[in-house]
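Here's the structure we're looking at; comments come further down.
The values are calculated or read from the model by the stated rules, or taken from the named source; none is laboratory data. Just so you know, these numbers come straight off a predicted model, no measurement behind them. Every residue, glycine among them, receives a Cβ derived from its backbone with ideal geometry; neighbour counts consider all protein chains shown. We work out accessible area using only protein heavy atoms, side chains counted, and drop any ligands, DNA or RNA first. Shrake-Rupley method; radii C 1.70, N 1.55, O 1.52, S 1.80 Å.
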Amino acid sequence: MTHSLSIAEQLKAVPYKPGVYLYRDEAGALLYVGKAKTLHNRVSSYFHARANHSPRIQSLVEHVAKIDYIVTKSDLEALILEANLIKTQRPKYNILMRDDKKYPWLMLTDEPFPRLQITREPTKRGKTKYFGPYASPGALYQTLQLVKKIFPLRQRKTPLFKDRPCMNYHIGSCLGPCQALITQEEYMKIVRQMELFLRGHAEDLLAELQKEMILASENMDFEKAALLRDRYQSIQKVLMRQRVMYDDETISQDVLGMCESDGVAYIALLKVRRGKLIQTQFFEMPMEGEAQQTEAYESFLLQYYQEPEDREDLPNEIILQMPIEDQDLLGEWVSASKGRKVTVNVPQRSGPKKDILDMAIKNAEESRDRAKIYQETRLKNDPAQALILLQERLGLPNAPRRIECYDISHTGGNFTVASMVVFTDGIPDKKEYRRFKIQTVENGKPDDFQSMYEVMSRRFTNLEEKGWPDPDLVIIDGGKGQLSSAVRALEKIGVTDQPIISLAKKFEEVYTPASQRPVLFDRDSIALFLLQRIRDEAHRFAITYNRNLRAKAQTRSFLDDVPGIGKVRKQRLLESFQSVQDIRQASLEDIAKATQTHGKTAEQLYDTLQAAFNPAARNA
């Protein structure tokens, strides 16, 4: 019988050397791969009793049963080994790079005579190559039409005729490889030229075409020379339209901007070659909270530059939004791949580099906004899919057709209110919304737990008298504390079978009463997006009610000090205007209409209010 070592015993054997550590579960499955300059210190930090880890790392530590490690000669060797292991093994708890599949790509097929197609699911198959992604489908189709015009590659997967070319050949959109009207060698030369064009090496392509034109002319092949001339001129026109970022044509940069939303990092990569912006790519990285932004950013960089498709296309400089732990190592690594020095910089002062970095960050923010629109569209087109996924992940007896969400809002303990929003079949049902003034919290002493307890008690008491239907799912805006308060309230009034969860804002974690661990959703899950949307709507509704109460209180206090404003007119003003500022800006006609007065009475009332706003004028 073999004796498995405890974590504490395994930690004693971890050396004080650089290398890579591997965490495995009881079954031996790889959970996480990391690198360290000093293995013992880094690995021990995970299991320190006072360590303040994110929920992802806490969950990882709970599952670790075996610690493996590989000692390396240097930090750079550890960096490379870590990246290789993450790419090949894809451990569960590592942050993994994802191409943003919401956007289309151009795909060059792996065939003897390759074709150029559009795809939204880039996958590595054989020698298939991808270009993109393209943030705008319109820009993609324009690019595709332009490329087809300049480089007339094969259009059809199978020939239309056995013994003659189709119309594509006769209109100049295809070179007729199906009828052996071009050799594979000549065809692949055009394919290579097209790749140069799509990868931003248009100047190199122009030089090559110019040589071919001269050679064709010398060989008296004027028809070929004319075709090459037309291709040359078309590419020149494209170059004239590209955005010039620098006057210096030797500048070659990759610029990486990032923003974060709902646990996902959105990254925009701007490629500048020969001083011109030639391409923008978008990626996503799952993450958790503010503390993990640098981790997600660094993970992306190491995975992206691990195995570049075109080493010659690597830049001379990489511009980062924030410093990373292995910044110098990244520069060494990319330099080794390129074969010459690549610098890695974080712009600190205003100037051209800071300007283009700001552009990259702006593109990342637009990518985030497009992602939300994409999710909204998915939800609008198929809300039932989100409800089915919620039923499966939460173990609900039925798909939650009626979902209620509750949120608490207050101002320093005053004006404490709660909101209840209702979504029916995944769509806001605003006629079912309700608002609560909290009654059990003392002024100046906010208590969200007690407030949630009160709301649940009021909501689920005397349901038959209120005529409120039972919800299929209740969502509490908050963490385990708010959820526990809601469950205690339900248990006290005898409601024991109500499906209920909480959604914590910081890490977008979903908790149930039955478990201390959160229910895990994919970050791009349409079900998680629906939960977030409902939670955000409850938050908006609660804040709006809180602001309205504050505004009315301020207005009421002001009207109490205005002479000549009786109880009836005061109530009418409160009902018509939301704030003191609204009354200040109101015209005579507005005041007359609100107070249901006219003639001299209305004028006197208007003058009285104006004098209250300007006591100095009244006393003059």
Return one number: the angle in degrees, 0 to 90 and rounded to the nearest 10, between the long axis of the Cα atoms of helix 448-459 and the longest principal axis of the Cα atoms of the chain.
70 degrees
Provide the packing ranking of 33-40, 513-520, i.e. peptides ordered by the mean count of other C-beta atoms within 10 Å per residue, highest first.
33-40, 513-520
Between helix 480-492 and the chain, what is the angle of the helix's C-alpha long axis to the longest principal axis, kept within 0 to 90° and rounded to the nearest 10?
50 degrees
In what order, largest first, do E432, E298 sit by accessible area if the probe radius is 1.4 Å?
E432, E298
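Give me the net charge of T512's neighbourhood, meaning all other residues with Cβ under 12 Å from the Cβ of T512; Lys, Arg count +1, Asp, Glu -1.
Numbers: positive: R393, K480, R517; negative: E509.
Charge balance near T512 sits at +2.
Using mean Cβ contacts within 10 Å as the protection proxy, how do 143-156, 207-220 order, highest first? Mind dumping the intermediate values first?
On the way: 143-156: 17.1, 207-220: 13.6.
Descending packing order for the listed peptides: 143-156, 207-220.
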In nm, the gap between the two label points placed 7 Å beyond Cα toward Cβ at A29 and A384 is 3.3 nm
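Can you pull the Rg over Rh of the stretch 474-528, Cα-only, Kirkwood?
Working: Rg = 11.7 Å, Rh = 11.7 Å.
Rg/Rh for the stretch 474-528 comes to 1.00.
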At 1.4 Å probe size, with the rest of the protein present, what percent of the exposed accessible area of the chain is carbon and sulfur atoms?
49 percent
Extended-chain gain in nm, criterion 0.36 nm per residue less alpha-carbon gap, D313 and L146:
57.9 nm
Order by accessible surface, 1.4 Å probe, largest leading, for residues M245, M258, M167 comes to M167, M245, M258
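Of all chymotrypsin sites (Phe, Trp or Tyr not before Pro) in the stretch 5-34, which ones are in loop regions per DSSP and have a Cβ with at most 16 other Cβ atoms within 10 Å?
Numbers: sites: Y16, Y21, Y23, Y32; in loops: Y16.
Taking the stretch 5-34 and a limit of 16 other Cβ atoms within 10 Å, the loop chymotrypsin sites (Phe, Trp or Tyr not before Pro) found are Y16.
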Can you check what the net charge comes to around I171, using other residues whose Cβ is under 13 Å from the Cβ of I171 (Lys, Arg +1; Asp, Glu -1)?
+2
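For the stretch 391-501, what is the relative contact order in percent, using Cα pairs closer than 8 Å and at least 6 residues apart in sequence? Don't skip to the answer; put the middle values down first.
Working: 177 pairs, mean separation 29.8, N = 111.
Worked out over the stretch 391-501, it gives 27 percent.
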Taking 45 Å as R0, compute the FRET efficiency from the Cβ-Cβ separation of K127 and E325 and round it to 0.05.
0.80
Using alpha carbons only, how many degrees (0 to 90, rounded to 10) separate the axis of helix 567-576 from the longest principal axis of the chain?
10 degrees
In vacuo Debye scattering of the chain, one point per C-alpha: log10 I(q)/I(0) at q = 0.05, 0.07 Å⁻¹?
-0.37, -0.68
Relative contact order of the chain, pairs being alpha-carbon contacts under 8 Å that are 6 or more residues apart, as %:
8 percent
Which FRET efficiency, nearest 0.05, do T496 and D582 yield, Cβ-Cβ r, R0 60 Å?
0.80
Which residue, chosen from I319, Y16, L549, occupies the Cα position most advanced towards the positive end of the dipole of the chain, where the dipole is computed from +1 (Lys, Arg) and -1 (Asp, Glu) charges on Cβ about the Cα centre?
L549
